[in-house]
1. Cβ-Cβ under 8 Å, sequence separation 6+ or interchain: first residue in the stretch A:113-124 and within 11 Å of B:Gly220 (Cβ to Cβ), partner assigned to a loop (DSSP other than H, G, I, E, B) and of a type in the set (Gly, Ala, Ser). Which pairs?
2. From the residues in the stretch B:59-84 that are assigned to a helix (DSSP H, G or I) and of a type in the set (Ser, Thr, Tyr), which one is most open to solvent (accessible area, probe 1.4 Å)?
3. Considering only the stretch B:128-148, I want to know if a residue exists there that is at the interface with chain A (Cβ under 9 Å from one of its Cβ atoms) and not charged (D, E, K, R).
4. Name the pairs: first residue in the stretch A:138-153 and more than 10 Å from chain B (Cβ to nearest Cβ), second residue basic (Lys, Arg) and open to solvent by 60 Å² or more (accessible area, probe 1.4 Å), Cβ to Cβ under 9 Å, at least 6 apart or on different chains?
5. Take B:Arg124 and decide whether it is closer than 16 Å to B:Ser268 by Cβ and either more than 14 Å from chain A (Cβ to nearest Cβ) or aromatic (Phe, Trp, Tyr) (or both).
6. For the stretch B:34-54, give me each residue that is without any contact (Cβ under 8 Å) to a residue 12 or more places away in the chain and surrounded by 12 or more Cβ atoms within 10 Å (Cβ to Cβ).
7. On the basis of being over 15 Å from the mean Cα position of the chain (by Cα), assigned to a helix (DSSP H, G or I) and not assigned by TED's automatic domain parsing to the domain that holds B:Val138, does B:Arg251 make the cut?
8. What do you reckon, is A:Leu137 open to solvent by less than 50 Å² (accessible area, probe 1.4 Å) and either under 24 Å from B:Gln224 (Cα atoms) or within 16 Å of the chain's Cα centre (by Cα) (or both)?
Amino acid sequence: MKHTLLALAVMGLAGSQAARAADSLPPNILYDAAREKKTIWPLPVRNSGELKYNEHRQDLSRWPTLSYQDKRDTKRPEKVELQGPLNGNAENGKKIAMNTQRGNCWACHVLPGDPQGGTGGPPLINVGTWGYSDAHLYQQIWDRRVANPATEMPPYGSNGVLSDQDIRDVVAYLQTLK
Amino acid sequence: MKRSTLTLALLTLPLAPALAAEAPYRDMTSYIDYGKSPKASDDAKHTNTYQYWKDNRKIDPEISNSLTDFWKVNWKYRDAPYDDTLHGGHDALERGEEVYKQLNAKGDFAACLGAKKGDLKGLRLTYPRFDKELGGIVGLEARIEHCAARQGMKLENGSYDNTAVSVYVTSFSNGMPLKIDVTREPMKSAFERGKKLFHTKAGWTNFSCATCHVSLVGKGLRGQIPTTHYGDIGHWPTWRSKDELQSLHVRFTECNRNAGVQPLKVGSPEYHDIEVFMTALSNGMPVTVPSQRD
């Protein structure tokens, strides 16, 4: 234990330049290390000259920001291959697709049973009849930029938002929409 | 372990300057044609909704009441004189006057904000601007924070009282069209930086501001419909009917987190550059405060 700690400390010094440039958080983001979710946002308080800061529901600091001091790269488009049989749980996939904090597919797509579905992308009510393979759908959810570099659709896999199994579940769900 | 540390050290030293100079990889939403000297009416070439919101005395109720088309009036039917209902923005105006008078007892607060002989008329139109003293682009609220601190009062940028003073000062320019000049330096570069930021994708979603306000403009996002980014600035700061007096930068933090992008500090250079960009896209639209938005 002692050993690793020491080695780490040495590395920290030597690599500090590189670390600061590539990994560390930019200083001008709304971030509070003491809070569980880290990301905070400002709330004005009536007749006060000070802001109150609330915790956001999710730690957003893991991903690139608009800060000029943010040196972290956006993940480049990733081409992936679906390995083995799909083994997806459609029921679970539906929950992911219709959860605003996870897949949030309904923000842009109409899904069956959701009268409020978004209109940013094509309705997916019968995507199971479009003749797409599981592998094709898997790639679109992992990273649609491979097919369309200008897409508005989030790269769920490349950005580490949904796991391999999550995406298998969503694909299984999409294939049931007929 | 030791070996890799050494290699790292060796590798970093000569590379560091080159790395620092290189911008990180980002995806961009493609630009629309903003021209060199943008104005609100340019929206006619883009979403072509300008015709519906250019004059808030003449809003077509058939469009503002339509469930599918209401976004085309860019919420202008909420502004006075079309809508003259009382709301929290009016309380803010009163509070702003009170705090302003306290700060300006000797007249030097107004002078610090840039008012000639204490006259606040038209002062709002001179912001955002390059500020030699503060060494960067500042909006009215950043300047208010600075000038209040000189009087020994803390008015944090984005706080209720700062924003209330901003509403009060802005109200003296009511009816006057915004007209910032982004054809000359250093505002020209600030505009270009703001334009680039507005189109830069970030966050877990890999969304830019333009993802919603350009690419998905007029589309439904589960109950929310983004409107054009032209013509927005004249009614800021605004009263949000969810019970919040809001400055423009606080609005930016809200759009950021709604879109899954880590928000920045209020008053940051990035938000100031976006403010310059969006203000230029509002040139020609009159100041209308106090105002209210959903």
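The values are calculated or read from the model by the stated rules, or taken from the named source; none is laboratory data. These numbers come from a predicted model, not from an experiment. Quick reminder, even Gly has a Cβ in these numbers, built from the backbone with ideal geometry, and neighbours come from all protein chains shown. Areas reflect the complete protein model, heavy atoms only, side chains present, ligands, DNA and RNA absent. Shrake-Rupley method; radii C 1.70, N 1.55, O 1.52, S 1.80 Å.
1. From residues that are within 11 Å of B:Gly220 (Cβ to Cβ), the pairs are A:Gln116/B:Gly220; A:Gln116/B:Gly223; A:Gly117/B:Gly220; A:Gly118/B:Gly220; A:Thr119/B:Gly220; A:Gly120/B:Gly220.
2. Applying the first criterion (assigned to a helix (DSSP H, G or I)) to the stretch B:59-84 yields B:61-64, B:70-73, B:76-78.
Cutting the leftovers down to of a type in the set (Ser, Thr, Tyr) gives us B:64, B:77.
Working: B:Ser64: 14, B:Tyr77: 48 Å².
Out of the qualifying residues, it is B:Tyr77.
3. Yes.
4. As it stands, the answer is A:Gln139/A:Lys79; A:Trp142/A:Lys79; A:Val146/A:Lys79, since those pairs meet every condition given.
5. Here the answer is no, as B:Arg124 does not meet what is asked.
6. B:Ala44, B:Gln51
7. The answer is no for B:Arg251.
8. No.
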